[in-house]
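Following: one structure in structure tokens, then a few remarks.
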């Protein structure tokens, strides 16, 4: 049953305010912290016998062994430093976000270059999406074992080499193959950076910072087509991949100097100097006296076994699927709309590559605004609803106080976002189908992108909330669903448009999106009961 899926992991308590500037490093033993539940914030028991039971049971699942620490021990970083760190990680994630759409504006040119069809050229997109979906599940899990920093460095080095290989390739099959390899190296960066944010945030600030990282990462997806158009127009399509290789090299330098290891199994609350050189960064010099010599008691127990299938086990839980599937369909709708925009502006509107690139500024700005808006709304809802809950039950004994329903708070905005995406996609499809002015098409593309940021970021936030110790693998699971769903629909896009027209295709996609939104509504409706039953089961 799903309820058991929520009491598998635990998260931070909200016993302290988020206004701490620098939390003093404190010794802690994560296995002795109070047991908390992943879908609400209150301690559910003070009985250490349960913790002792965890310690004595070697066969107990790792998820059950994880007990998180309190907020004032979460990180030594100030609020400003956390924000800067999130922005740095988002810049690293740009390599992943840009690598998929950067050559979208050149698809028609590649079709002519290799004397092939639109369907076959779309295979380069589909193949990339397939590996973008699968690779993070296996690669991101390494970051839960070896740390975030070395895995990200390895991914960027692989990305540099592969982009150079694509730039010098002149055969269709080799480009398809190398695009798959490129996805295997760069796609995991998104889930790893999201997991890294989860290392130094709590629920009180995770919504905005996770959204900041994910959203600014997606800026690359919005603006990459324009960059690709400039490169293609000036020097031809190989220049796109030479630029990508150089950009990956620049990001590798930023990672080396400005991105410290954040995995709590290596650096605790970032106050512990890591033992190995690969985990050390010149950024530690900036932290100064806040960094202390390595102390095993100040770091959390980390995973030593490579178990990439662990996050996949969550797919057996219906309520997890109720979150992932609707959000993935909405992301797929957005992805195919970007492909349609590129192809039809070239073929039907006869726009130049550079003009098509300029048109992608609309979804590019929508990525920024959607991310900032969604993150602020998420944190605002959390703080206001939590304050009301605490005020309502302030005179109730803690053991009798009902749990705070954070699941409902996280999911509230998705149905509204899904409705606006569906409406905008219908208008987008029929405007494109009837060859209307470009203006309404770009407005609808802006709206689709803006509201697509809501389910995309919320799904990642919920998974990090529930499974912080498997945050790399859990966010990779979200990536698996959204990219896998996108690959399916992109591969079928040309056939769908031939059979149903462009307008019919997007009307169909809108209908599917609204249909699956009912899964979210059903989950919201049952969230109160889920929280109550989960609290009861946690006390048994």
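Each value in this text was obtained by applying a stated rule to the coordinates, not by laboratory testing. Bear in mind that the values here come from a model prediction, so they are computed numbers and not experimental data. Ideal geometry is used to build each Cβ from the backbone, glycine not excepted, and the neighbour counts take in all protein chains shown.
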Report task. Express in nm, to one decimal, how much length is gained between residue 145 and residue 347 on full extension, taking 0.36 nm for each residue of separation and deducting their alpha carbon distance. Result -> 67.9 nm
Query - Cα convex hull of segment 373-467 - mean projected area over all directions, nm² - result: 7.4 nm²
Report task. Specify the inter-centroid distance of segment 404-463 and segment 138-181, based on alpha-carbon positions, in whole Å. Result -> 31 Å
Report task. Highest first, please rank the peptides 278-287, 419-428 by the mean number of other Cβ atoms sitting within 10 Å of their residues. Result -> 419-428, 278-287
Query raised in the report: Between rounded, prolate and oblate, where does segment 329-421 land on the alpha carbon gyration tensor, with a ≥ b ≥ c its root eigenvalues, rounded for a/c under 1.5, else prolate if a/b exceeds b/c?
Result: prolate
Requested in this report: Would you mind getting me the FRET efficiency between residue 443 and residue 500? Use the beta-carbon distance for r and R0 = 25 Å, nearest 0.05.
Outcome: 0.60
Report task. Output the peptides 110-116, 135-141, 393-399 sorted from most to least packed, where packing is the average of other Cβ atoms within 10 Å over each peptide's residues. Result -> 135-141, 110-116, 393-399
Query - Gyration tensor (alpha-carbon) shape descriptor, segment 207-337, a/c threshold 1.5 - result: oblate
Query raised in the report: Label residue 316 and residue 177 with points 7 Å out from Cα along Cα→Cβ: what is the distance between them in nm?
Result: 3.8 nm
Query - Calculated FRET efficiency for the pair residue 273/residue 301, C-beta based, R₀ 22 Å, to 0.05 - result: 0.75
Query raised in the report: Projected area of segment 71-539, taken from the Cα convex hull and averaged over every viewing direction, in nm²?
Result: 22.1 nm²
Report summary line: If the chain between residue 290 and residue 385 were fully extended at 0.36 nm per residue, the gain over the current Cα-Cα distance would be 30.8 nm
Query raised in the report: Once fully extended, how much extra length lies between residue 511 and residue 234, figured as 0.36 nm per residue of separation less the alpha-carbon to alpha-carbon distance?
Result: 95.6 nm
